[in-house]
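Laboratory data are not the source of any read-out in this text; all were calculated from the coordinates shown. Everything numeric here is computed off the predicted structure, so don't read it as measured data. Cβ: placed from backbone, ideal geometry, glycine included. Neighbour counts: every protein chain shown.
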Amino acid sequence: MSSRLKLFVPLGLFVLLAVLLFRGLSLDPQALPSALIDKPLPGFKLPALRTQQTLSDADLVGEPALLNVWATWCISCRVEHPYLQRLADSGVLIYGINYKDDSVAARSWLDSLGDPYRASVVDAEGTLGLDLGVYGAPETYFIDGNGVIRYRHVGVIDERIWTGRLKAVYDALATPADS
Amino acid sequence: MLVNSFKKSLQLIALVLGFGGSLCALAVIETYEFSTPQLEVRYRALSQELRCPKCQNQNIADSNAPISQDLRALLYEKLEEGASDEAILEDMVARYGEFVRYRPAAQGAALWLWLAPALMLGAGFLLLIVLLRRGKGVSKASEGALTQEERARLDQMINDKADNS
């Protein structure tokens, strides 16, 4: 290497560092990859919120669906609720997991605000939440027709996030898993 | 009148302090009864090594987030069931990913983190050796640069200088 070219080494290092740091600015340090991506839905047997049945993981498998973790104590869930209702009205299949909540309050919430869920699982102790790796509501899991978790979204689902990212994920659920 | 208002403010201060005290008491983390002291030692160690997924910069022993409480309860159950440390950690990682460990396993992307100090130290030494070698080469070249003729001239110059003084 000629000594002239060597003079550019510090500049090169600086540019490299600047690119790395700049990329760091746009990363979300709160974002956590789910450990359950491409794994089957964990097994459970829990009561349904609005009927007397007991629901198990097998009841949720069969069609591509959203699994939405919600609770009445969760303010963001209240924000998200009308949009979930719109999604459900447009034909998106959504199951609810009523996470560490009071069932009476949860039922009256669905009665007064509308029920976007085909069924809600009562996870009063948060055991299913633990198996899913839930660390706060709202969280939404995307499961395909074989009951395999394909995606996890943490936080509120709104118009912008749905059309920007999640709709593509949901549409991909309908295509066979091995493609 | 003045005394009265002074009394009132004292009462207010006592009330505020009282509230503060009771809030602190509420923040105390629940305790578990272990069947053996060894289990408690392992519980302490593991709860300090597991990271709270919600608060992210606290371990589950420090954090009072609901998820940390759940994880502590799970940890307690597993310990009492007789699970090994490795099995418990594996179980947590299966749920929350390698993220929940403050000492991630040396594999995948984390392997680079573990190796980076050694690699950088090695690279530094290599650079040092190269630079030292090069420096030696230069000084040797300049040492042998004086020819017989030049040496004679140098000697003469030194002698001249000595004579003049």
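Close amide H pairs (under 5 Å, H built 1.01 Å from N) link residue A:102 with A:72, residues at least 5 positions away or on another chain. Sorting the segments A:13-19, A:108-114 by their mean number of nearby beta carbons within 10 angstrom, highest to lowest, gives A:108-114, A:13-19.
Computed about the Cα centre, the dipole magnitude for the protein assembly as shown is approximately 1400 debye when only Lys and Arg (+1) and Asp and Glu (-1) carry charge, each at its Cβ.
For the protein assembly as shown, the mean residue ellipticity at 222 nm estimated from helices alone is -17000 deg cm²/dmol, where every DSSP H run of n ≥ 4 contributes -39500 (n - 2.57) and the total is divided by all residues, rounded to the nearest 500.
Its alpha carbons give the stretch B:110-164 an Rg and a Dmax of 23.2, 74 Å.
For the stretch B:59-115, chymotrypsin sites (Phe, Trp or Tyr not before Pro) meeting the loop criterion (DSSP other than H, G, I, E, B) and having at most 16 other Cβ atoms within 10 Å: B:102. Take each residue in A:125-137, count the other chain C-beta atoms within 10 Å of its C-beta, and the mean is 5. Principal axis analysis of the Cα atoms in the protein assembly as shown yields extents of 117, 80, 51 Å, listed in decreasing size. Other residues lying with their Cβ under 15 Å from the Cβ of residue B:45 contribute a combined charge of +2, Lys and Arg counting +1, Asp and Glu -1. Evaluating 6.51 cos²θ - 1.76 cosθ + 1.60 at θ = phi - 60° for every residue in the stretch A:163-173, the Karplus couplings come out as 6, x, 9, 6, 4, 4, 5, 5, 4, 5, 4 Hz, glycine and proline recorded as x.
Positive-end ranking of B:159, B:126, B:114 along the dipole of the stretch B:110-164, with charges on Cβ about the Cα centre, is headed by B:114. Put a plus charge on the Cβ of each Lys and Arg, a minus charge on the Cβ of each Asp and Glu, and nothing anywhere else: the dipole of the stretch B:110-164 about its Cα centre is then about 380 debye.
Derived scalar couplings between HN and Hα for the stretch A:98-109 equal 7, 8, 6, 10, 8, 4, 5, 5, 5, 5, 6, 4 Hz in order, rounded to whole Hz, by the Karplus curve 6.51 cos²θ - 1.76 cosθ + 1.60 (θ = phi - 60°), x for Gly and Pro. Relative contact order, whole percent, for chain A stands at 27, derived from Cα pairs under 8 Å and 6 or more residues apart.
Kirkwood's formula applied to the C-alpha pairs of the stretch A:61-179 gives a hydrodynamic radius of 14.3 angstrom.
Close amide H pairs (under 5 Å, H built 1.01 Å from N) link residue A:96 with A:68, A:118, A:119, A:120, A:121, residues at least 5 positions away or on another chain.
Across peptide B:67-73, the mean count of Cβ atoms from other chains lying within 10 Å of each residue's own Cβ comes to 3. Taking amide H positions as modeled 1.01 Å from N, with prolines and chain starts lacking one, the residues under 5 Å from residue A:55 and 5 or more places away or on another chain are A:46, A:48. Checking every one of the trypsin sites (Lys or Arg not before Pro) in the stretch A:92-179 against DSSP loop status and a limit of 16 other Cβ atoms within 10 Å picks out A:118. What you get for the stretch B:33-105, charging only the Cβ of Lys and Arg (+1) and of Asp and Glu (-1), is a dipole of about 320 debye around the Cα centre. Extents of the stretch B:56-142, largest first, come to 75, 25, 18 Å (Cα atoms, principal axes, whole angstrom). The Cβ shell under 14 Å around residue A:32 holds other residues with a net charge of +2, Lys and Arg each +1, Asp and Glu each -1.
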